[in-house]
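Below: one structure, written as structure tokens.
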Amino acid sequence: MSRLDVQGVAVRLGGRTRLQTQDLTVDGGQMLGLIGPNGAGKSTLVKAIAQLVAHRGECCLAGEVLERLPARERARKLAYLSQDDRLQWPIAVRDLVALGRHPYQGSWWRGGAASVEDQRAIETALRATDVWDLRARRADTLSGGERARARLARVLAVEARLLLVDEPVAALDPRHQLSAMTLLRSQCTAGAAVIVVLHDLTLASRFCDRLLLLDGGAAVASGSVDEVLSDQHLRRVYGIRALTGAHGAERYIVPWAIDARSDSNAPQGESL
């Protein structure tokens, strides 16, 4: 079971409240999308759950308080992908992805051979993210999109039950955006809980089970895609009008125009 329960989480940084009290639950097999404008508190919430910033409140995974777990055990239970794609070392892509197996610390971290399980997890992640052919390249020589895929591969190699991914598609071309979201969806199918920060509202509406809309560090709306991506919320938070429609059973939403009034009395969004 990989149910995540977040209760009363709030963050102050630099003397300012960056995230007001938040409660949320994500069951194994579900994908929660965090959406909202720049500076809304999305990354701060993900970092708080990952125990990377000091916070009030409590985050529990499968009934265990994450803050109280030993760091290595916590690193096996959750995997975090930051939006910062800077690489600190000029290492090969395969070695970057292999860092995802560090929490397991088999004999190969002391100079021995990688276990069969480690090798399988690393190769699976390299192939799934389409960087297998780049595995011998230095990661700091990759393009932004290639680097983003390699960093996602490192997260997948952990094989964690909770994935926290911050803007995983920002640098990717359309094909690899769809591939990355499909990969994250497959993690849900395998039983993991996924929290993903997105700016692309179409991807959010297609792939996420539920959405949490943040603005100014506070929750504006939480629930189903239809409940959260309403015309009123889009005008209030983003100041936009959107085109909405459906293809088959899947909904899509396309930001179309700036709504100068951005209030509850503005005209309804158009539909295709």
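The values are calculated or read from the model by the stated rules, or taken from the named source; none is laboratory data. All values derive from a computational prediction rather than experimental measurement. Note that we place each Cβ from the backbone using ideal geometry, even for glycine, and neighbour counts take in every protein chain shown.
Against the test of being free of Cβ contacts under 8 Å to residues at least 24 places away in the same chain and not hydrophobic (A, V, I, L, M, F, W, C), the options 161, 149, 175, 206 yield a single qualifying residue, 175. Out of region 48-92, which residues are under 15 Å from residue 10 (Cα atoms) and touching a residue at least 60 places away in the same chain (Cβ under 8 Å)? If the condition is that a residue be under 15 Å from residue 10 (Cα atoms) and touching a residue at least 60 places away in the same chain (Cβ under 8 Å), then 49, 50 are the ones that fit. Within the option set 35, 49, being at pLDDT 95 or above, farther than 24 Å from residue 147 by Cα, assigned by TED's automatic domain parsing to the domain that holds residue 209 and under 19 Å from the mean Cα position of the chain (by Cα) holds for one residue only, 49.
A search for C-beta distances below 8 Å between a residue of region 233-254 that is outside the structural domain of residue 203 (by TED's automatic domain parsing) and any residue that is acidic (Asp, Glu) and surrounded by fewer than 16 Cβ atoms within 10 Å (Cβ to Cβ), counting only pairs 6+ apart in sequence or on different chains, returns 235/263; 236/263; 241/270; 242/270; 243/270; 244/270; 251/226. For the residues 16, 74, the requirement of being modelled with pLDDT under 95 and among the basic types (Lys, Arg) singles out 16.
Of all the numbered requirements in (1) aliphatic (A, V, I, L, M); (2) in contact with a Gly (Cβ under 8 Å, 6 or more places away or on another chain); (3) surrounded by fewer than 20 Cβ atoms within 10 Å (Cβ to Cβ), residue 158 misses one, and that requirement is (3).
Conditions tested, residue by residue: (1) over 23 Å from residue 2 (Cα atoms); (2) of a type in the set (D, E, K, R).
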position: 55; (1), (2): no, no
position: 60; (1), (2): no, no
position: 64; (1), (2): no, yes
position: 74; (1), (2): no, yes
position: 78; (1), (2): no, no
position: 115; (1), (2): yes, no
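The residue list 67, 58 contains one member that is surrounded by fewer than 20 Cβ atoms within 10 Å (Cβ to Cβ), assigned by TED's automatic domain parsing to the domain that holds residue 169 and part of a helix (DSSP H, G or I), which is 67. Scanning region 8-55 for residues that are among the acidic types (Asp, Glu) and surrounded by 23 or more Cβ atoms within 10 Å (Cβ to Cβ) gives no hits.
Name the pairs: first residue in region 130-143 and touching a residue at least 24 places away in the same chain (Cβ under 8 Å), second residue buried (at least 16 other Cβ atoms within 10 Å of the Cβ) and among the hydroxyl-bearing types (Ser, Thr, Tyr), Cβ to Cβ under 7 Å, at least 6 apart or on different chains? Note: pairs meeting the criteria are 130/179.
Residues that are of a type in the set (A, V, I, L, M) and assigned to a strand (DSSP E or B) within region 239-260 comprise 240, 242, 243, 246, 253, 254, 257, 258, listed in sequence order.
In region 149-161, the condition of being among the β-branched types (Val, Ile, Thr), outside the structural domain of residue 253 (by TED's automatic domain parsing) and touching a helix residue (DSSP H, G or I) at 6+ places or on another chain (Cβ under 6 Å) is met by at least one residue.
Taken over region 228-255, the criterion of being of a type in the set (Gly, Ala, Ser), out of contact with any Gly (no Cβ under 6 Å at 6 or more places or on another chain) and either surrounded by 19 or more Cβ atoms within 10 Å (Cβ to Cβ) or within 26 Å of residue 41 (Cα to Cα) (or both) is satisfied by 230, 239. Residues that are over 17 Å from the mean Cα position of the chain (by Cα), part of a loop (DSSP other than H, G, I, E, B), free of Cβ contacts under 8 Å to residues at least 40 places away in the same chain and under 30 Å from residue 139 (Cα atoms) do not occur anywhere in region 6-15.
In this entry, residue 201 is excluded by the filter for residues that are closer than 22 Å to residue 61 by Cβ, crowded, with 21+ Cβ neighbours inside 10 Å and aliphatic (A, V, I, L, M).
In region 16-32, of all residues being within 13 Å of residue 214 (Cβ to Cβ) and among the hydrophobic types (A, V, I, L, M, F, W, C), the one that is nearest to the chain's Cα centre (by Cα) corresponds to 32.
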